[in-house]
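Have a look at the structure below, then the notes.
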Amino acid sequence: MKTEHNPNIDELLVKSMLDEASVAEQIEIKQWLLDDDDNQRYFEHFELIWTESKRLARRSTVDENAAWERFKARTVKQRETEVIPMYPKPVFRVLRMVAMVLMTAGVGWLSYLLATRSSSHEMLTISSGMQTLTDTLPDGSIVTLNRKSSISYPQEFAGTTRPVTLTGEAFFDVKPDKSKPFLISVNDVTVKVVGTSFNVKDNAEKTEVIVETGVVEVSKDTQRVRITPREEATIVKANAEMRKGITADQFHNYYRTRRLFCDGTPLWRLVEILNEAYDADIVIGNQRLKNLPINTTFDQHSLESILGVVSETLSLKVEHHGDQIILK
């Protein structure tokens, strides 16, 4: 059988069957499976052999070599009834060793195996710190965390859903799987999807969900809304009210694209995002300036250069008082 070349794949698959593969190794296996349909068939036969090996473990009084010979005989008989390609010898050497260990250890090893398997339900937590961070989840979905954000998820999505817990802000590109919905818990709000891309942001005032592709269901208690591209759902924490609306701007993308796109954007809104993006303390000192429109794109600019453009465009002054910046 021709498989995508990976000299370590047999060892990785054994570690995966034992639930001992690291997140990086799980990603490597998933990518290998996606590379070629033959790889998926190789994996299915590998899994079949593994299942047989575990069954052998229950026969602790049986001679090891005799059991292995019977196992080989069963696989030969199986090949007579279904078309299964030949596989490289290393996989049989590795799995024979595993089967022998299983049989020698007997019930004790089986108990250990079950205990190890239960560890797949342990939660992993990834935090971004002061930099944005991109992570690949066990199902192949990709999440980009904004600064000061974190996400928790199980080592393996083993149940009927794919649950994660978010603190802060993140953009999700979820791998489609209609049989296993992707669920995000953020405080007491739940975001449910099966395959889409969207941004979730939670702060002291509100929780906000903005959709880029697909359909997203947002729920809180008895309230529930479905939103589509260019729509957003906002839950205001002061009154627990859920609102659905049209996305007014593209600022939810700034931490991924490093770009601030202003299209008639009022000054107060740009200031709000600048304070968040640069950990700044900018205030508008003259109320008549609040709704002045900005029409430009800031692409990886420093805060100083952005304020310089705003100053020239709107003919206003930028004053520094300690850490505070006043526009007037």
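The values are calculated or read from the model by the stated rules, or taken from the named source; none is laboratory data. Because the structure is a prediction, the values reported are computed rather than measured. As a convention, Cβ positions derive from the backbone with ideal geometry for all residues, glycine included, and neighbour counts pool all protein chains shown. With ligands, DNA and RNA removed, areas are computed over all heavy atoms of the protein, side chains included. Shrake-Rupley method; radii C 1.70, N 1.55, O 1.52, S 1.80 Å.
Quick one: pull the percent of accessible area on region 157-224 belonging to carbon and sulfur, 1.4 Å probe, ligands and nucleic acids left out. C and S fraction of accessible area: 48 percent.
Determine the sum of side-chain charges near residue 129: Lys and Arg each +1, Asp and Glu each -1, restricted to other residues whose C-beta is under 11 angstrom from that of residue 129. Combined, the nearby Lys, Arg, Asp and Glu give +2.
Would you mind counting up the charge near residue 236? Only other residues with Cβ under 15 Å from its Cβ, with Lys and Arg at +1 and Asp and Glu at -1. That sum, taken over residues with Cβ under 15 Å, equals -1.
Placing a pseudo-label 7 Å from each Cα along the Cα-to-Cβ vector at residue 31 and residue 295 gives an inter-label distance of 4.5 nm.
On the beta carbon distance between residue 179 and residue 38, with R0 = 22 Å, the FRET formula returns roughly 0.35.
Placing pseudo-labels 7 Å out from each Cα toward the beta carbon at residue 206 and residue 18 gives an inter-label distance of 5.2 nm.
The residues of region 159-296 present an accessible area of 49 Å² per residue when probed at 1.4 Å with all protein chains retained.
Charges were assigned to the Cβ only: +1 to each Lys and Arg, -1 to each Asp and Glu. The resulting dipole of region 172-239 about its Cα centre is roughly 200 debye. Taking every protein chain into account, the 1.4 Å probe leaves residue 281 with about 70 Å² of accessible area, to the nearest ten. When a 1.4 Å probe is rolled over the protein heavy atoms, the share of accessible surface on region 232-314 that falls to carbon and sulfur comes to 46 percent. Placing +1 on the Cβ of every Lys and Arg and -1 on the Cβ of every Asp and Glu, with nothing else charged, gives region 241-328 a dipole about its Cα centre of roughly 320 debye. Rounded to the nearest 10 square angstrom, residue 126 shows an accessible area of 50 square angstrom against a 1.4 Å probe. If Lys and Arg each add +1 and Asp and Glu each add -1, what is the summed charge of the other residues whose beta carbon sits under 13 Å from the beta carbon of residue 258? For residues surrounding residue 258, the net value is +2.
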